[in-house]
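Peer 1: Below: one structure in structure tokens.
The values are calculated or read from the model by the stated rules, or taken from the named source; none is laboratory data. Computed from a prediction, not measured in an experiment: that's the story for all the values here. Every residue, glycine as well, gets a Cβ built from its backbone with ideal geometry; the counts of neighbours run over all protein chains shown.
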């Protein structure tokens, strides 16, 4: 049987090495690419065409969810598994809305993560036990076409969500512009729209909202 090809995208080298070693013990899985950020991940996936991409959600610069959107825009048939320390409603809902097939947590056992990869490799949905019932029911509404409210950030566009993530990480305008390959003026325009949509008045307000919604990295 041909092993399932897997790409790993995580900015923590130690975690990536541990995951690689763990998967090496599974004869039906094979690592074909690794990356630590969007600049590395997208060309690596293009070159290796893995059957499953395992993505950390909380990456520096463009988030794992942003990478997922880009990979699926290029090829909607790609199978993506989000693997993260966070399992709050907003991040899980955003990842599922972006098109990932599964959401696993780094707090799970090695056997559970391996099973999550295999499940997504079969083209099936996987949700960690830690994922709240709200998110599961929300995902079902999304799949059935019911446009219920999914997260506090539901009014933001994909680009606005990326900029929101970078803002709450404390990145200045110039750095956000550089990471997203857009002009500082465009960043400011998006930031203004984000503030209006979220009824906020400053970057400090955005951080407070993110903390209230459980969106800040632990």
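Peer 1: Identify, from the list 135, 120, 113, the residue that is in a helix (DSSP H, G or I), touching a strand residue (DSSP E or B) at 6+ places or on another chain (Cβ under 9 Å) and at pLDDT below 90.
Peer 2: 135
Peer 1: So in segment 71-87, with the set limited to residues that are in a loop (DSSP other than H, G, I, E, B) and under 12 Å from the mean Cα position of the chain (by Cα), which one is surrounded by the most Cβ atoms within 10 Å (Cβ to Cβ)?
Peer 2: Per the stated criteria, the residue is 87.
Peer 1: Test each condition in (1) modelled with pLDDT of 75 or more; (2) crowded, with 17+ Cβ neighbours inside 10 Å; (3) not in a helix (DSSP H, G or I) for residue 160 and report the one that comes out false.
Peer 2: (3)
Peer 1: Mind checking which residues of segment 16-28 are touching a residue at least 40 places away in the same chain (Cβ under 8 Å), surrounded by fewer than 16 Cβ atoms within 10 Å (Cβ to Cβ) and touching a strand residue (DSSP E or B) at 6+ places or on another chain (Cβ under 9 Å)?
Peer 2: Passing the criteria: only 28.
Peer 1: Cβ-Cβ distance below 7 Å, separation of 6 or more or different chains: which pairs start in segment 189-204 with a residue that is without any contact (Cβ under 8 Å) to a residue 12 or more places away in the chain and end on one that is not in a loop (DSSP other than H, G, I, E, B)?
Peer 2: Hits for this filter: 200/206; 200/209; 201/195.
Peer 1: If you don't mind, there's one more thing I want to ask. Only one of 85, 22 is farther than 26 Å from residue 178 by Cα and out of contact with any helix residue (DSSP H, G or I) (no Cβ under 7 Å at 6 or more places or on another chain); which?
Peer 2: 85
Peer 1: Right, next: I'm checking my understanding of the structure. Among residues of segment 50-65 that are out of contact with any strand residue (DSSP E or B) (no Cβ under 8 Å at 6 or more places or on another chain) and under 25 Å from residue 23 (Cα atoms), which one is surrounded by the most Cβ atoms within 10 Å (Cβ to Cβ)?
Peer 2: 63
Peer 1: Do the conditions hold for residue 40, that is, is it surrounded by fewer than 22 Cβ atoms within 10 Å (Cβ to Cβ) and either assigned to a strand (DSSP E or B) or under 11 Å from the mean Cα position of the chain (by Cα) (or both)?
Peer 2: No; evaluated as a whole, the condition is false for this residue.
Peer 1: Would you please name the residue that is nearest to the chain's Cα centre (by Cα), looking only at residues in segment 47-70 that are farther than 23 Å from residue 29 by Cβ and assigned to a helix (DSSP H, G or I)?
Peer 2: Per the stated criteria, the residue is 65.
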